[in-house]
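Colleague: What follows is a structure written as structure tokens; I'll ask about it next.
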Amino acid sequence: MDYEPGQFIWLSAAEGGETVRRAYSICSAPMGRRFELCLNRAANGNLTPRLFKLEPGDRVPFSGPAGNFVLRQPISDSVLVATGTGIAPFRAMLQDRRVWESGREFTLIFGARQEQSLLYREEFEELARRQEKFRFWPVLSRPSEGWRGRTGYVQSHVREALGDRRDVDIYVCGLPAMVNDVRRMLLEMGVERRRIVCEE
């Protein structure tokens, strides 16, 4: 399946005579007949509880890829802001060799409540060791006493990542409240609207 890192697919299932359809971001760079999804198990969800019960060989209808949450071309220095499963499209983007061939700088600011909720943490830490132009900033809103990293909410760390620069693309993905808050803050800081790319 051919797709651009950052795009999503639609999964669907029958429920009481109706079809339940949900969008899930692909969290891996293109790799032929395979792709990966990052799902949050929602106990009261309409579709995810079923997905977690799937066995090898089960079939699930899907369509796509779809979506425009992809890296702007030409690639610029970028700040990626995510909370929760909003990390999925960024993981796919950062696996794309074109990102590192561009020679551009990337900062990933990833917010979670607790340390165990930092999805793909080891992978991003390893990437930061290998790629000198990549910074990984995990942020915890409810850290344990032993946490020595960044705390609070991603918004304040976006300001730090940008500094005085306004020639950077900013990509934001997560819950609507966070996305809207970051978008509003960036516009107030004087960032051009075209440089802000969001997906809720």
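The values are calculated or read from the model by the stated rules, or taken from the named source; none is laboratory data. Only a predicted model underlies this, so the values are computations on that prediction, with no experimental measurement involved. Note that each Cβ is placed from the backbone with ideal geometry, even for glycine, and that neighbours are counted across all protein chains shown. Only protein heavy atoms, including side chains, enter the accessible area calculation; ligands, DNA and RNA are left aside. Shrake-Rupley method; radii C 1.70, N 1.55, O 1.52, S 1.80 Å.
Colleague: Take every Cα-Cα pair in the range 1-141 and report what % of them are more than 20 Å apart. Write out the running numbers ahead of the final one.
Modeller: On the way: 5092 of 9870 pairs.
Percent of Cα pairs beyond 20 Å in the range 1-141: 52.
Colleague: Also: Give me, ordered by chain and number, the residues 5 or more places off residue 113 or on other chains with an amide H under 5 Å from its own placed amide H.
Modeller: Under 5 Å from the amide H of residue 113: 141.
Colleague: Also, I was wondering about something else. Rolling a 1.4 Å sphere over the protein heavy atoms, what is the accessible area per residue of the chain, to the nearest Å²?
Modeller: Numbers: 11370 Å² over 200 residues.
Value for the chain: 57 Å² per residue.
Colleague: How long are the semi-axes of the equivalent ellipsoid of the range 56-200, defined as square roots of 5 times the Cα gyration tensor eigenvalues? Whole Å, largest first. Spell out each step's value before the answer.
Modeller: On the way: eigenvalues 97, 85, 59 Å².
Output for the range 56-200: semi-axes of 22, 21, 17 Å.
Colleague: Also: So if I take the centroid of the Cα atoms in the range 13-60 and the same for the range 94-170, what is the distance between those two points in Å?
Modeller: If we compute the Cα centre of each part, the gap is 27 Å.
Colleague: Per DSSP H run of n ≥ 4, the term is -39500 (n - 2.57); total these for the chain, divide by its residue number, and report the mean residue ellipticity at 222 nm rounded to 500 deg cm²/dmol. Before the final figure, lay out each step's value.
Modeller: On the way: 6 runs with 48 residues, N = 200.
The helix-only estimate for the chain comes to -6500 deg cm²/dmol at 222 nm.
Colleague: What does the extension gain come out to for residue 130 and residue 177, with contour length at 0.36 nm per residue minus their alpha carbon separation? Don't jump to the answer; show the numbers that get you there.
Modeller: Details: separation 47, 0.36 × 47 = 16.92 nm, distance 3.34 nm.
Result for the pair: 13.6 nm of gain on full extension.
Colleague: Moving on to the next point. In percent, what relative contact order does the range 60-200 have, based on Cα pairs under 8 Å that are 6 or more apart in sequence? Each step should come with its number before you reach the end.
Modeller: Values: 205 pairs, mean separation 38.0, N = 141.
Reported as a whole number, the value is 27 percent.
Colleague: Which residues among the range 83-101 fall inside the zone where the amide N is under 11 Å from a point 7 Å beyond the Cα of residue 141, along Cα→Cβ?
Modeller: 83-84
Colleague: In whole Hz, what ³J(HN,Hα) sequence does the range 178-186 give by Karplus (6.51, -1.76, 1.60; θ = phi - 60°), x for Gly and Pro?
Modeller: Each residue of the range 178-186 in turn: 5, 4, 5, 5, 5, 4, 4, 4, 5 Hz.
Colleague: Using the Karplus equation 6.51 cos²θ - 1.76 cosθ + 1.60 (θ = phi - 60°), what ³J(HN,Hα) coupling, rounded to whole Hz, does each residue of the range 38-52 give in order, writing x for Gly and Pro?
Modeller: These are the phi-based 3J(HN,Hα) values: 10, 10, 9, 6, 9, 4, 9, x, 7, 10, 4, x, 5, 4, 6 Hz.
Colleague: Sort all Cα-Cα distances of the range 135-188 into consecutive 10 angstrom bins from zero, then give the percent of pairs in each bin up to the one containing the longest distance.
Modeller: Reading the bins upward from 0: 20, 52, 25, 3.
Colleague: Once you have the Cα-Cα distance between residue 73 and residue 115, take 0.36 nm times their residue separation minus that, and quote the gain in nm to one decimal. Mind showing how you got there, number by number?
Modeller: Numbers: separation 42, 0.36 × 42 = 15.12 nm, distance 3.38 nm.
Length gained between residue 73 and residue 115: 11.7 nm.
Colleague: Through the Karplus equation 6.51 cos²θ - 1.76 cosθ + 1.60, θ set to phi - 60°, convert the phi angles of the range 63-80 into ³J(HN,Hα) values in whole Hz; use x for Gly and Pro.
Modeller: Each residue of the range 63-80 in turn: 9, x, x, 8, x, 10, 7, 10, 5, 5, 10, x, 5, 10, 3, 9, 10, 10 Hz.
Colleague: So how far apart, in nm, are the two label points at residue 105 and residue 160 if each is 7 Å from Cα heading toward Cβ?
Modeller: 1.5
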